[in-house]
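Student: Can you read through this structure? Questions will come right after.
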Amino acid sequence: MEAAAVRRAEDGALSGSVPPTDDQTHVSNSDAPWDEFDADAYWEKNYSTLRDDDEEILRRITAYFAANPPAGERPGLHTRLWRRLTRRAAPPTALGLDVGPGTNLYPALAMLPYCRRITLWEYSATNVRWLRNELRSFRSTWDVFWGQATGIRRSSGGDTRGLDPRPALARRVDVRQASIFDLPKSRFDVGTMFFVAESLTSDRSEFERATRAFVESLRPGAPFAAAFMEGSVGYQVGACHFPAVPVTIGQVKEFLTGLTPDLELHQVFSEKPLREGYHGTMILALGRASGKPLETPPGTVVATHEDAAAAAAT
């Protein structure tokens, strides 16, 4: 790590403050020009190379998932016999979720060893097209991200030998165009949400609704990672400006504490901020979703009206 440093947030000591934003123009999620989002420009600026702060976040989420793997489906008789005869780990069974990936594949790569299916839940039509095209065979720059995650996972006792991320990602990942506010309840076994809830509106209540929708889409006990731009007041992508809610680590802690029993918070600093309009600091939240267990076993997909209609049409 050249320029990034990380501190663990203890007892709200890093709560900080954000200047009031009453003079800023109020922009709700529905007001923003999401279908004009310049996906190529965003990828070039944010993910064409592995930044020091993203490297630190990737290291932490990979280690966290290795220490807190998602439950997935309970192994059946055939799986247990296959595992015993081959002395190999069982195939992955968890259902993963990445909310608002934009043009970022590294959260999905971090979940890949655990998941039989990963849903990329994206609202912007331009980002959806970009993701579907990229997933056919992602460009070589993502090999650096995968290499970092693989090394961390092995050092944590995991193993990714035999897992080729290109065909695996293309085969296991679905891209769904939908709003974060339409996420189902208690469906997924592991989840990520990076720089989304605070970056889709200038309305704090929408930020809180979005964050709650993400955590509540996970099954009780499901591990998650969520990242936030600290103090962001908005950002430019191509010719369009997009809204943001300026949040502090103290505010993130206060809100998430009620949604997870074991919240872990980190601040990620960089001497070379990604852009103007935020504090140059990223907030990483790690935890497990709380909630009342459902009757269905972990890893079971809860059918929706849309699922039933699709099944009837086939």
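The values are calculated or read from the model by the stated rules, or taken from the named source; none is laboratory data. Just so we're clear, the structure is a prediction, and the values are computed from it rather than from any experiment. Ideal geometry is used to build each Cβ from the backbone, glycine not excepted, and the neighbour counts take in all protein chains shown.
Student: If you scan segment 51-61, which residues turn out to be at pLDDT below 95 and either under 23 Å from Arg117 (Cβ atoms) or in a loop (DSSP other than H, G, I, E, B) (or both)?
Tutor: Arg51
Student: Please go through segment 141-162 and give me each residue that is in a loop (DSSP other than H, G, I, E, B) and either among the acidic types (Asp, Glu) or at pLDDT 95 or above (or both), ordered by number.
Tutor: Residues of segment 141-162 in a loop (DSSP other than H, G, I, E, B): 156-162.
Listed by number, the list holds a single entry, Asp159.
Student: Checking the condition closer than 29 Å to Glu36 by Cβ, surrounded by 24 or more Cβ atoms within 10 Å (Cβ to Cβ) and either in contact with a Lys or Arg (Cβ under 6 Å, 6 or more places away or on another chain) or at pLDDT 95 or above (or both), which residue from Met229, Met193 passes?
Tutor: On the way: Met229 fails: either in contact with a Lys or Arg (Cβ under 6 Å, 6 or more places away or on another chain) or at pLDDT 95 or above (or both).
Residue meeting the stated conditions: Met193.
Student: Tell me whether segment 67-83 contains one or more residues that are at pLDDT 85 or above and more than 19 Å from Gly221 (Cβ to Cβ).
Tutor: Within segment 67-83, none of the residues are at pLDDT 85 or above and more than 19 Å from Gly221 (Cβ to Cβ).
Student: Filter segment 121-149 down to residues that are touching a strand residue (DSSP E or B) at 6+ places or on another chain (Cβ under 8 Å) and over 16 Å from Asn46 (Cβ atoms) and give me whichever is surrounded by the most Cβ atoms within 10 Å (Cβ to Cβ).
Tutor: Trp121
Student: Look at Pro101 and say whether it is modelled with pLDDT of 95 or more, part of a loop (DSSP other than H, G, I, E, B) and either farther than 25 Å from Gln177 by Cα or in contact with a Pro (Cβ under 9 Å, 6 or more places away or on another chain) (or both).
Tutor: Working: modelled with pLDDT of 95 or more: yes; part of a loop (DSSP other than H, G, I, E, B): yes; either farther than 25 Å from Gln177 by Cα or in contact with a Pro (Cβ under 9 Å, 6 or more places away or on another chain) (or both): yes.
Yes.
Student: Tell me which residues, restricted to segment 210-231, are among the aliphatic types (A, V, I, L, M) and in a loop (DSSP other than H, G, I, E, B). First the steps, then the outcome.
Tutor: Step one: list which residues in segment 210-231 are among the aliphatic types (A, V, I, L, M), which gives 210, 213, 215, 218, 222, 225-227, 229.
Scanning segment 210-231 gives a single hit, Ala222.
Student: Which residue pairs have Cβ atoms under 8 Å apart, sit 6 or more places apart or on different chains, and have a first residue in segment 52-64 that is within 10 Å of Arg153 (Cα to Cα) and surrounded by 19 or more Cβ atoms within 10 Å (Cβ to Cβ) and a second that is modelled with pLDDT under 95 and among the basic types (Lys, Arg)?
Tutor: Thr62/Arg153
Let's see how each residue does on (1) modelled with pLDDT under 90; (2) crowded, with 24+ Cβ neighbours inside 10 Å; (3) under 27 Å from Ile118 (Cα atoms):
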{"site": "Phe214", "(1), (2), (3)": "no, yes, yes"}
{"site": "Ala222", "(1), (2), (3)": "no, yes, yes"}
{"site": "Gly234", "(1), (2), (3)": "yes, no, no"}
{"site": "Val245", "(1), (2), (3)": "no, yes, no"}
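Student: Now for a separate question. Taking only pairs six or more apart or across chains, which ones have beta-carbon atoms under 8 Å, a first residue in segment 192-209 that is assigned to a helix (DSSP H, G or I), and a second residue that is crowded, with 20+ Cβ neighbours inside 10 Å and of a type in the set (Asp, Glu)?
Tutor: Phe207/Glu198
Student: Return only the number of the condition from (1) surrounded by 14 or more Cβ atoms within 10 Å (Cβ to Cβ); (2) basic (Lys, Arg); (3) modelled with pLDDT under 95 that Arg88 does not satisfy.
Tutor: Unmet for Arg88, out of (1) surrounded by 14 or more Cβ atoms within 10 Å (Cβ to Cβ); (2) basic (Lys, Arg); (3) modelled with pLDDT under 95: (1).
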